[in-house]
Structure formats: C-alpha cells, structure tokens
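Working notes for the structure below.
The values are calculated or read from the model by the stated rules, or taken from the named source; none is laboratory data. On a predicted model such as this, the values are computed, not experimentally measured, just so you know. Because the Cβ atoms are built from the backbone with ideal geometry, glycine has one as well, and the counts that use them run over all protein chains shown. When the accessible area is computed, the model is the full protein with side chains, heavy atoms only, and any ligands, DNA or RNA have been set aside. Shrake-Rupley method; radii C 1.70, N 1.55, O 1.52, S 1.80 Å.
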Amino acid sequence: MNENKENKNKRKVILFPGTVDRLFNEAKKLAETLHYNEANEMFEQALLLGEGDEISLSIFAYSLYEVKNFERAKQICEELLAIGPSMYFEVMELYLTICMQLRQFKQVEKIIESLFDEELIPEHEIEKFERLKNLNAHIAENQGSQLQSSPVNDDDGDFEIIASELLKLSVQEQLMIINELPEKNIRPYVKEIKAVIETEDVHPFIQSLLLILLVEQEVNLDLNIAKFDMTKQVNPAQLPLPTKMPQYEEIATIISEKLVQEPSTLEFAQHLMAKHAIVLYPFEWAIFRSEDIALSYIEFVKSMFGEIVKINSEIVDFLQKIEKISDLQE
C-alpha cells in the first residue's frame, strides 16, 4: 500500500518539454545583465533537472567567480574541463585564477607542470604559463617557509614579490597578485608600491588598485600620479575612495534621479560608472561637466541594450576607451 503511494508520488514529478533549456536561458540572461546571485540560483535549479552544455557551464563559472563563490566555481570549472570545452584555455585560466584566489598555489604549479609535460600549451602561451608556474612556485615556497617560522603571522604575505616582479607579469597576472593583498599589512612595502604606481607604463587599473590599498590603510606619503595625459600629486591618507570622490557623487545622483523608473538601466549604469571611477582614480571625469557625463552614461547603456538614442560622441568615445581599459578579462 505504502509502496503504491510512493510510486504515485514519483509519477507526479513531470518535466514539461523545454523546462531545463528555459531555466538555463533565463540564468544566462541574468548573468549577462549582472544579476549574478539570481543567475547562480537559476543555474543550480537547472542543474538539478539536467546537464548543462559548455556555454551554460562557462557562464555559470564566471557568474560564481563574480560573487566570490570560488569553491563552487572551481567545481564547475572541473566539470567543464572534464568534458573538454572548445575554449579550453579560457576555462583553464579561470580555473587557475580561482585556485589562486583559494591560495592553492602548489596546485596551480602542479597543473601547469602537467600541461607542459603533456605538451598541451600552445607556443604563443608558453611564456605566460611559464611565468605563472614560477610565480606560484615562489609563493608556495614563501608560504611554506612562513608557516614554519611563524605559523600565526601572515601579515606580510607574499607582497615582496610585487616589488621586484610585478611589472614583469601580464596585467591579468598582476591582478591575481593584487587580489591577495587587501587584508595584508602593506606598510613594509610602501616604497616599492610607490615606485610601481609612479612607473610610466603601469596599467591604469593596476595603478588605481594599488593606490586604493594605500588609501584604505591611510598611508601618509606623497605620490606623483600620471594617467590619461593628466598629472597630480596626492597623499593617500587624505584621499577619499573612488566612490566618495566629489564628481562621482554628483554624477551618481543625477543618474539615480533620471533612471528612477528604469531599475535595470540604472543598475547597469551604476556598475559601469563604479568600474570606470577606479580606472580614472584619483582623477575623475573633470574634463566634462557632471550633467553631460551622467546623460552620456544613460545613452551609452541604452545603446548597449539596443535602443536608438542621441549620443554625445566625444563623451561616449571617452567612456568606451575607459571601458576597454577596465576590462582585464581579455
């Protein structure tokens, strides 16, 4: 009797044709519009009902990475790598980045060694992966020696590598290292950080991230910063963070007022503006009026959504330039 009831209940679970595909498609749209948490929930629902294809799993992995759910992102990358994705090295680079975020430096070193042993690295990628292997080996060794000498003290971390090696790495590799630093005491390396920030050919985004570290730790020193044909002397101890700068707050207020009835456009505009503020930091959009910048962000986002709008080409060209610089995934 009980067995019959269980069988009837099981027969009630019916999937309508296309249900799984619909869930995956909705999840991908959410991720593409930066609604990462909602996208991740939808991806999880879809995976309970069926298997994801390469594109769906790739987007899911990046979406998890964006919300810093590194453990789950690593699992999804492993599933992807197991099926042999067509964009193998894009997935592998994300996987290695995630492992570094999880401080699994020895694992990264071993993975890259195996890629070399199996001759799976294309010739044009060899130098990059060799640098990554050496970098992770260095950090893993440094980590081990720190644990032996002072198990409870991780203040200085691995930042000494930046002083001599940072500018030899690719921008993406530099970003991986800097992502390790927010919780570290960087004061022993202030001179080295200053030298990197003031280097003529340092990437503007990297320059800004290092400056933000100094601002967050209220380091008192003078810096001469040059970017986008502008120069400025600043003291991190007296400098507000990018989203607290005067023009940023003006522009953000205007955009919020004008898009109060368009939450999706508002969210995307705010996302772009915050990202661009970091690239420009400690400068702002001062070569343009705040009102014009705000309107141009709205036009820029609407044009990205496929709307036909009147565009201030000079300002939008400037925003596109900043957007390209801020995209370190390429």
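Add +1 for every Lys or Arg and -1 for every Asp or Glu among the other residues with Cβ under 13 Å from the Cβ of Leu239, and state the total.
That works out to -2.
State which entries of Lys191/Lys244; Lys28/Lys68; Lys28/Lys110; Lys110/Lys168; Lys168/Lys227; Lys133/Lys194 exceed 24 angstrom in Cα-Cα distance in the structure shown.
As for pairs spanning more than 24 Å Cα to Cα, those are Lys191/Lys244; Lys28/Lys110; Lys133/Lys194.
Using a basic spin-label model with each label point 7 Å from the Cα along Cα→Cβ, how many nm lie between Phe116 and Lys275?
Each label point is offset 7 Å from its Cα along the Cβ direction, giving 3.4 nm.
Modelling each spin label as a point 7 Å along the Cα-to-Cβ direction, I'd like the Lys29/Gln45 distance in nm, to one decimal.
1.3
So which trypsin sites (Lys or Arg not before Pro) in the stretch 43-74 pass both tests, a DSSP loop state and at most 12 other Cβ atoms within 10 Å of the Cβ?
Sparse-neighbourhood loop trypsin sites (Lys or Arg not before Pro): Lys68.
From the phi angles alone, apply the Karplus equation (6.51, -1.76, 1.60; θ = phi - 60°) to the stretch 219-233 and give each ³J(HN,Hα) in whole Hz, x where the residue is Gly or Pro.
Each residue's phi maps through the Karplus curve to give 6, 9, 7, 8, 10, 9, 10, 10, 6, 6, 6, 10, 10, 7, 9 Hz.
Loop only per DSSP, at most 14 neighbouring Cβ atoms within 10 Å: give me the GluC sites (Glu not before Pro) in the stretch 186-276, ordered by residue number.
Here the sparse-neighbourhood loop sites are Glu198, Glu200, Glu218.
Provide the gained length on full extension for the span Ser256 to Ser86, in nm with one decimal, where the gain is 0.36 nm per separating residue minus the Cα-Cα distance.
57.1 nm
In the stretch 256-307, which chymotrypsin sites (Phe, Trp or Tyr not before Pro) are in a loop and have at most 13 other Cβ atoms within 10 Å, using DSSP for the loop call?
Listed in order of number, the matching sites are Phe305.
So how long is each side of the stretch 82-143 along the principal axes, counting just the alpha-carbon atoms, biggest first, in Å?
35, 22, 16
Leaving out ligands and nucleic acids, and using a 1.4 Å probe, what accessible area per residue does the stretch 60-99 come to in Å²?
44
Per the Cauchy relation, a quarter of the hull surface: what is the mean projected area of the convex hull of the alpha carbons in the stretch 268-330, in nm²?
Answer in nm², one decimal: 4.4.
Let me know the charge dipole size of the stretch 186-231 about its Cα centre in debye, to the nearest 20, where only the beta-carbon of Lys, Arg (+1) and Asp, Glu (-1) is charged.
For the stretch 186-231, the charge dipole is close to 140 debye.
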